[in-house]
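Undergrad: Let me give you the structure first, and then I'll get to my questions.
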Amino acid sequence: MEKGKFGIRLAFYGVVSFIFAIFGWTTALILLAGVAIIGEKNEWAGRQAIQAIFLAMISGIVSAFFGIFSFFYSIPFFGSVWGTIVGIIESLIEIAILVFAIIAIVRNSKGQEANVPLASKFAHWAYCNVIAKPVYQQPVYQQPVQPAAPVQSEAPAQPAAPAADACSNCGAPLNGAAFCTKCGTPAAK
């Protein structure tokens, strides 16, 4: 992997960004992303940092969503059930974030794109890189082509010259007569 303007390997920005995302250090993550995007001006390192920020924000968004329903905690029996449900969901999300971050760290350490689901699309969108999806085109049915009949190379047919005992005017046979029996033309001698 190549080094950036500051002499640091570009993979460093991706790896450290995802480590910060695991621990929830959003301020340090945003500062590191600023260095990668503005300081290094490297698109790849910037995309990795954006994906890490996106991953770190998921936990906060889920906590804020469940915070809207915090009044459920005051309901005597339902409050404890609600707290258990919220705790399980938040734990599963934290595990998912940890798994995606570890996969991203391994990929970034090899110099590859992190490819965090949804986050990579957002990062490409942020850099105005739209990834084209392969378009399925339905095959067009074409009738099989029949092979053409072989062309025979014959000399073009020439009109037959009138026979010697045929009428020069209408071509009727003279049969040795001095005049044509059809048109009455005298036979050529």
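Undergrad: For mean projected area of the Cα convex hull in nm², the choices are [x] 29.8; [y] 11.5; [z] 9.5; which was calculated from the structure?
TA: Comparing each candidate, only [x] matches the computed number.
Undergrad: Next question, about the same structure. Which trypsin sites (Lys or Arg not before Pro) in segment 1-55 pass both tests, a DSSP loop state and at most 12 other beta-carbon atoms within 10 Å?
TA: The qualifying sites are Lys5, Lys41.
Undergrad: Just to be sure I follow the definition: excluding the sites themselves, where is the longest run in the chain that has none of the GluC sites (Glu not before Pro) in a DSSP loop with at most 10 other Cβ atoms within 10 Å?
TA: 3-153
Undergrad: Another question, if that's okay. Charges at C-beta only: +1 for Lys and Arg, -1 for Asp and Glu. How large is the resulting dipole of the chain about its Cα centre, in Debye rounded to 20?
TA: Taking the Cα centre of the chain as origin, the dipole is about 320 debye.
Undergrad: Also: Under 17 Å from the Cα of Lys5, which aspartates and glutamates turn up, not counting those fewer than eight places away in the same chain?
TA: In chain and number order, the partners are Glu40, Glu43.
Undergrad: Sticking with this one: Take the solvent-accessible surface of the protein heavy atoms, probe 1.4 Å, and return the percent of it on segment 1-152 that carbon and sulfur atoms account for.
TA: 70
Undergrad: For n ≥ 4 DSSP H runs only, could you compute -39500 (n - 2.57) per run for the chain, divide by its residues and tell me the 222 nm figure to the nearest 500?
TA: -16500 deg cm²/dmol
Undergrad: Select from segment 61-125 those trypsin sites (Lys or Arg not before Pro) which occupy a DSSP coil region and have at most 15 other Cβ atoms within 10 Å, ordered by residue number.
TA: Lys110
Undergrad: Further, regarding this structure: I'd like the Karplus ³J(HN,Hα) series for segment 26-34: coefficients 6.51, -1.76, 1.60, θ = phi - 60°, whole numbers in Hz, and an x wherever there's a Gly or Pro.
TA: My calculation for segment 26-34 gives 5, 5, 5, 5, 5, 5, 5, 5, x Hz in order.
Undergrad: Mind listing the phi-derived Karplus ³J(HN,Hα) values for segment 118-127, rounded to whole Hz, using 6.51, -1.76 and 1.60 with θ = phi - 60°, and x for any glycine or proline?
TA: So the Karplus estimates, Gly and Pro as x, are 6, 5, 5, 5, 5, 5, 5, 5, 4, 9 Hz.
Undergrad: Same structure, new question: Taking DSSP loops as anything outside H, G, I, E and B, show the longest stretch in the chain free of chymotrypsin sites (Phe, Trp or Tyr not before Pro) there with at most 12 other beta carbons within 10 Å.
TA: 70-135
Undergrad: If you count only protein heavy atoms with a 1.4 Å probe, what accessible area per residue comes out for the chain, rounded to a whole Å²?
TA: I get 70 Å² per residue for this part.
Undergrad: Hey, another quick one. Can you list residues whose amide H is under 5 Å from Ala166's amide H, if they're 5+ apart or on another chain and H is modeled 1.01 Å from N?
TA: Leu174
Undergrad: Continuing with this model, one more query. Which of Gln51, Gln138, Gln146 ends up with the largest GNM mean-square fluctuation for the chain, with Cα atoms connected below 10 Å?
TA: Looking only at Gln51, Gln138, Gln146, the largest GNM fluctuation is found for Gln146.
Undergrad: Pop out the ³J(HN,Hα) list for segment 48-62 in order, Karplus 6.51 cos²θ - 1.76 cosθ + 1.60 with θ = phi - 60°, rounded to Hz; leave Gly and Pro as x.
TA: 5, 5, 5, 5, 5, 4, 4, 5, 5, 6, 4, 4, x, 5, 5
The values are calculated or read from the model by the stated rules, or taken from the named source; none is laboratory data. Remember, predicted model here, so these are calculated numbers, not experimental data. Cβ coordinates were reconstructed from backbone atoms using ideal geometry, including for glycine residues, and neighbour counts include every protein chain displayed. Just the protein is used for accessible areas: all its heavy atoms, side chains included, with ligands, DNA and RNA removed. Shrake-Rupley method; radii C 1.70, N 1.55, O 1.52, S 1.80 Å.
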